[in-house]
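Okay, structure first, notes after.
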Amino acid sequence: MALFRFTIGPHLPEAAGEGIVLRPPAMEDFADWADLRARSRRYLEPWEPTWPADDLTRAAFRRRVRRHADEIASDAAYPFLIRRASDNLLLGGLTLGLVRRGVAQSATLGYWIGQPHAGHGYMTAAVRVAVRHAFGALRLRRVEAACVPTNAASIRVLEKVGFVREGLAREYLCIDGAWRDHVLYALLERDLAPPDRRA
């Protein structure tokens, strides 16, 4: 007998709030996505795994969309593109990945924002929407996140939302070609920052 066998109903195709809409990537997003990633490359590379040589091609994006659809269908991960609700402008991306059911009921959060949109509060809003989606529609209990200790902007986002620092993982991920330590954060629903603490 499986302990805590867990199933959920049909997944909401998007999540929205705070002027932000999170939608799974689709082929019609390719031009916006490739343009924003290309313009933001130098800004993003210090915080991401090394980009494949063909990363910004239509073929690579098609493979990405297919993989994401498979991940959603199997309840393994929930990737989203972040768009501004007022004009549908692409701002960045966010994934609730490594979903673990059963006795864990948790996922790992990862995100990126295009350089032109950094520092305007969009990612903080998007993370708030994502974690509400995680605790609501996806019925998770815990969302984890990790970032390079020198990524002050990412740490600010997590702490504004209410994530709690839990420790340091040595050589946790290979980022920009080198194994890097990461600060570990986690959020339970009760940790969400109340509205009067939002910056």
Checklist outcome for this item: When restricted to 137, 193, the only residue over 24 Å from residue 47 (Cα atoms), of a type outside the set (S, T, N, Q), at pLDDT below 95 and in contact with a strand residue (DSSP E or B) (Cβ under 8 Å, 6 or more places away or on another chain) is 137
Checklist outcome for this item: Checking 173, 109 in turn, the sole residue that is of a type in the set (A, V, I, L, M), assigned to a strand (DSSP E or B), touching a Phe, Trp or Tyr at 6+ places or on another chain (Cβ under 8 Å) and closer than 15 Å to residue 47 by Cα turns out to be 173
Item to check | Residue in the stretch 84-95 that is loosely packed, with under 14 Cβ neighbours inside 10 Å, hydrophobic (A, V, I, L, M, F, W, C) and closer than 28 Å to residue 187 by Cα present | outcome: yes
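Yes/no per residue for (1) within 22 Å of residue 125 (Cβ to Cβ); (2) part of a helix (DSSP H, G or I):
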{"position": "43", "(1), (2)": "yes, yes"}
{"position": "62", "(1), (2)": "no, yes"}
{"position": "76", "(1), (2)": "no, no"}
{"position": "102", "(1), (2)": "no, no"}
Item to check | Every residue from the stretch 41-79 that is touching a Leu at 6+ places or on another chain (Cβ under 6 Å) and either within 17 Å of residue 151 (Cβ to Cβ) or exposed (fewer than 12 other Cβ atoms within 10 Å of the Cβ) (or both) | outcome: none
Checklist entry - Residues 183, 161, 129, 157: which one is in contact (Cβ under 8 Å) with a residue 24 or more places away in the chain and over 15 Å from the mean Cα position of the chain (by Cα)? => result 183
Checklist outcome for this item: Here the residues within the stretch 96-130 that are of a type in the set (A, V, I, L, M) and farther than 12 Å from residue 22 by Cα are 98, 99, 103, 104, 107, 109, 113, 118
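The values are calculated or read from the model by the stated rules, or taken from the named source; none is laboratory data. Note that the structure is a prediction, hence the values are computed from the model and not measured. Don't worry about glycine lacking a Cβ; one is built from the backbone with ideal geometry, like all the others, and counts go over all protein chains shown.
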